[in-house]
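Below is one structure, written out as C-alpha cells; the observations come after it.
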Amino acid sequence: NYRELRDELRAAGSNFTTEGDTEVLLHGYAHWGAEVVKKLDGMFAFAIWDCDTRRMFAARDRMGIKPLFCSTKDGFVISSTLAPFFHFRGFPRRLNHEALRDYLATGTIFAPQSILEDVHCLPPAHTLTWHAAGGDHRMQQYWDIPEPIDQPMELETLIRQTDDAIAESVKRQMVADVPLGAFLSGGVDSSLMAFYMSRVSNQPVRTFTVRFPQSTEYDEAPHAQAVADALGCEHTTIDARDLDAIAFDHAIGHLDQPLGDPAYLPTLALAECTRQHVTVAISGDGGDELFGGYDRFLKHEGIYPHRWYHPPLEFAMRLGFWPGALQRRVLWGQDRVLWDRIRMGPYPSGRKAMCRLLTPTAYEACYADDVLRSWHRKVLCWSGEMTTDALMRADLWTYLSDNCLMKTDRASMCHSLEVRVPLLGNPVVDLILPQPASVKLSQGLKTILNELARRHLPAEVWNRPKHGFSVPLRDYFRTTWQTRGSELVQRTAELAPFLNIAAIKRIWRQAMFRGREVRTAFALISLLRWLEVHPLDD
C-alpha cells in the first residue's frame, strides 16, 4: 500500500524524489516514528539508521514473510539472512543446541532462535531498536494474532466478504513495474490467485508450473493446465532438471540455516524456472494455515478421552520401561496432541525418541523437555487449552513463518525472484483471523476457500484430493541420492559430532532399503550437507 501512504505523506508535507516504495518507509518513519509499521500492508524487513540520534530501527512484517537476523556479539550486526554471519572474520559459529532440538523435533528452527548461538531471528510483528551510545537494544511487539470472537460471522456473509478481501489484496500486490506472473499448481489456493489476477489484469495472466519428468506421482501439470485454460492464462509448464545428487547438494548448500522440509527442493526448481520469464510471482502460500487446510487441525485436546490415562503406566513410559510402540495409547489430552505434532521429543524409547539421535552430552545441552514446554506456551497463551483455534494460531508463527514462508523466501531469493503472498495481506488476515475454527471448518477443511473455488473455478480443482508439493523421498533414497546420502552419513562423526553415529546409520539404512523414517532421514542428511558447507566451531 505504498502508493496510498505516499499520497498521505505528501499531503502532510513530505517531498518525494522517487516513485518506489523504499522512500515511503523513510518519510513514514520521519513522520510517524515507530508507528509506521502499523500502517504497512505487505511483506517487509527493513532497517533505518538515524544519523541524528545514532539509533537503528528495524522491523519485520506481521506474518514473518521476510526474515531479519541480528547479533549484539562484539557490536551490532543486522542482516536479511543468516548467510553474512559466516563471512565475518572471527565471528563465533557456535551451535545453538535449542535450535538443534527444534530442528530435530519439527524440521525447522523457530524464531527468535537461529542455528548460531550468538545470532537471533527477529520474530514476526516485532521491531528492534538499538542505540549506538550505550549499545542497548529493545525488541517490541507491535501486533498480535487476535483471539477468536464469540459471535462469528454468518458463513455466507463471511464467504462474500472474503471474496472481496482476497480480490483487494491481490489487486494491491499486483502493482509492479517489472514482469509479473503466478505459481499455478492446480490446487485451490494457487488457482484462486490466478482467478483474482485475471479479473483485474488487462492482459492474460502468466502462470507457471514445474514438472518433474522422473516423478509422475507428483505431476500436477495437467490440473494446472486445465485451470489456465479455463481462466485464459498464458501458461508455461517447465520440465525441471532432475533432482539428482548435484541438485540436492546445491539446494541444501545454499540455505542460510538448516531446513528439513523436502518441499524446498521443488520450490527451488519452480523459482528457477519462473525467473526465466518474470521478476515477480504471486503465490497461494498461507491458505492452509489461515483457513484450516490440514487434517491435524481436527486433532485437538478434546477428541482424546481420559480413559487411556493411567498414571503408573505414564510414569513407566517416561522412564523408558514402556514399549515405544505403545506410547500413543498411554498419552492423552495435551500430551497426545503434542505427540502427533512433533517428529522427535523427550521420550526415552520408540522412533520419536530424540535421545537416540544425540550423544548424551548434546541431549543434555538441548533441554529436550523444553520442546514440549515451548509448544505448550505457544498454544495455551490463546485459550488455556489445545483447541483447534489455539493450534491454528500457534502454527502461524511457527510452521507458517519459519517453515513454509522461509522455504518460499529462500528458494525465490536464490534466483532473484520476488514472491508475493496476497492471502496474507492485511485485508484478508484482518477479516479471517478473528473468525473461530468452527466456521472455517464447518463443512470440512478450508470451507471458505473451497466454496470460493466452487464458485469461480473448474470442478476438477475443488473436486479432487488435496495434493502436497513434495518429492518421492523413498524413490530418491533408493536411486539418485543413495550414494551421496551414504557419503554424508559416513562423515557424521566429522560433520556433526553431537549426533549418535550408530543411530544415524541405522535410520539411513531403514530409509534406503525399507522406505521407513524417510522424513527423519531427509532432515538428517540435509543437516549433514548444510554442515559440510557451513562448519561450526567445535
Task: Candidate set from segment 460-483 (those that are of a type in the set (S, T, N, Q) and in contact (Cβ under 8 Å) with a residue 12 or more places away in the chain); member that is least open to solvent (accessible area, probe 1.4 Å) - done: Ser470
Open item on the list: Among the residues that make up segment 234-249, is at least one of them modelled with pLDDT under 90, touching a Gly at 6+ places or on another chain (Cβ under 7 Å) and either assigned to a loop (DSSP other than H, G, I, E, B) or small (Gly, Ala, Ser) (or both)?
Closed with: no
Task: Close pairs from segment 1-28: first modelled with pLDDT of 95 or more and in a helix (DSSP H, G or I), partner hydroxyl-bearing (Ser, Thr, Tyr) and open to solvent by 30 Å² or more (accessible area, probe 1.4 Å), Cβ under 8 Å, at least 6 apart - done: Glu23/Thr17; Val24/Tyr2
Open item on the list: Can you tell me which residue is nearest to Ala453 (Cα to Cα) among those in segment 165-212 that are in a helix (DSSP H, G or I) and of a type in the set (D, E, K, R)?
Closed with: Asp189
Open item on the list: Based on this model, can you work out whether Leu265 counts as modelled with pLDDT under 95, crowded, with 16+ Cβ neighbours inside 10 Å and within 20 Å of Thr108 (Cβ to Cβ)?
Closed with: yes
Open item on the list: in contact with a Ser or Thr (Cβ under 6 Å, 6 or more places away or on another chain) and modelled with pLDDT of 90 or more: is that true of Ala362 in this structure?
Closed with: no
Task: Test: residue in segment 509-517 that is open to solvent by 60 Å² or more (accessible area, probe 1.4 Å), more than 25 Å from Ala99 (Cβ to Cβ), part of a helix (DSSP H, G or I) and at pLDDT 95 or above - done: yes
Open item on the list: Could you tell me how many of the residues in segment 105-120 are more than 18 Å from Ile342 (Cβ to Cβ) and open to solvent by 10 Å² or more (accessible area, probe 1.4 Å)?
Closed with: 4
Task: Filtered residues of segment 228-242 (kept if among the charged types (D, E, K, R) and either free of Cβ contacts under 8 Å to residues at least 12 places away in the same chain or farther than 17 Å from Ser470 by Cα (or both)) - done: Asp229, Glu234
Task: Residue under evaluation Ser486, criteria (1) under 22 Å from Asp249 (Cβ atoms); (2) open to solvent by 30 Å² or more (accessible area, probe 1.4 Å); (3) of a type in the set (Gly, Ala, Ser); (4) under 25 Å from the mean Cα position of the chain (by Cα), criterion not met - done: (4)
Open item on the list: among the hydroxyl-bearing types (Ser, Thr, Tyr), out of contact with any Ser or Thr (no Cβ under 9 Å at 6 or more places or on another chain) and closer than 25 Å to Asp538 by Cα: which single residue out of Ser486, Ser470 fits that description?
Closed with: Ser486
Task: Thr129 part of a strand (DSSP E or B), more than 24 Å from the chain's Cα centre (by Cα), of a type in the set (Ser, Thr, Tyr) and over 15 Å from Ser283 (Cα atoms) - done: yes
Task: Count of segment 144-182 residues which are touching a Gly at 6+ places or on another chain (Cβ under 7 Å) and not basic (Lys, Arg) - done: 2
Open item on the list: Looking at segment 139-158, can you tell me whether even one residue there is open to solvent by less than 10 Å² (accessible area, probe 1.4 Å), of a type in the set (A, V, I, L, M) and more than 19 Å from Thr408 (Cα to Cα)?
Closed with: yes
Open item on the list: Looking at (1) open to solvent by 30 Å² or more (accessible area, probe 1.4 Å); (2) in a helix (DSSP H, G or I); (3) closer than 29 Å to Arg343 by Cβ, which one does Asp285 not meet, given that it meets all the others?
Closed with: (2)
Open item on the list: Looking only at segment 268-279, count every residue that is assigned to a loop (DSSP other than H, G, I, E, B) and open to solvent by 10 Å² or more (accessible area, probe 1.4 Å) and tell me the total.
Closed with: 3
Task: Failed item, numbered, when Thr162 is tested on (1) surrounded by fewer than 18 Cβ atoms within 10 Å (Cβ to Cβ); (2) β-branched (Val, Ile, Thr); (3) in a helix (DSSP H, G or I) - done: (1)
Task: Qualifying residues in segment 398-444 (those that are among the small types (Gly, Ala, Ser) and more than 15 Å from the chain's Cα centre (by Cα)) - the one nearest to Leu68 (Cα to Cα) - done: Ser416
Open item on the list: I want to confirm something. Restricting to segment 66-90 and keeping residues that are aliphatic (A, V, I, L, M) and either open to solvent by less than 20 Å² (accessible area, probe 1.4 Å) or assigned to a helix (DSSP H, G or I) (or both), which single residue is farthest from Ile342 (Cα to Cα)?
Closed with: Ala83
TODO: From the list Leu270, Leu338, pick out the single residue that is modelled with pLDDT of 85 or more and closer than 29 Å to Leu396 by Cβ.
DONE: Leu270
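Residue-by-condition table, conditions (1) exposed (fewer than 13 other Cβ atoms within 10 Å of the Cβ); (2) in a loop (DSSP other than H, G, I, E, B); (3) free of Cβ contacts under 8 Å to residues at least 40 places away in the same chain; (4) in contact with a Lys or Arg (Cβ under 6 Å, 6 or more places away or on another chain):
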site: Met43; (1), (2), (3), (4): no, yes, no, yes
site: Ile48; (1), (2), (3), (4): no, no, yes, no
site: Ala59; (1), (2), (3), (4): no, no, no, no
site: Pro92; (1), (2), (3), (4): no, yes, no, no
site: Tyr103; (1), (2), (3), (4): no, no, no, no
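The values are calculated or read from the model by the stated rules, or taken from the named source; none is laboratory data. In this text, all values refer to a predicted model and were calculated from it rather than measured experimentally. As a convention, Cβ positions derive from the backbone with ideal geometry for all residues, glycine included, and neighbour counts pool all protein chains shown. For the accessible areas, the whole protein counts, side chains as well, though only heavy atoms, and no ligand, DNA or RNA atoms are used. Shrake-Rupley method; radii C 1.70, N 1.55, O 1.52, S 1.80 Å.
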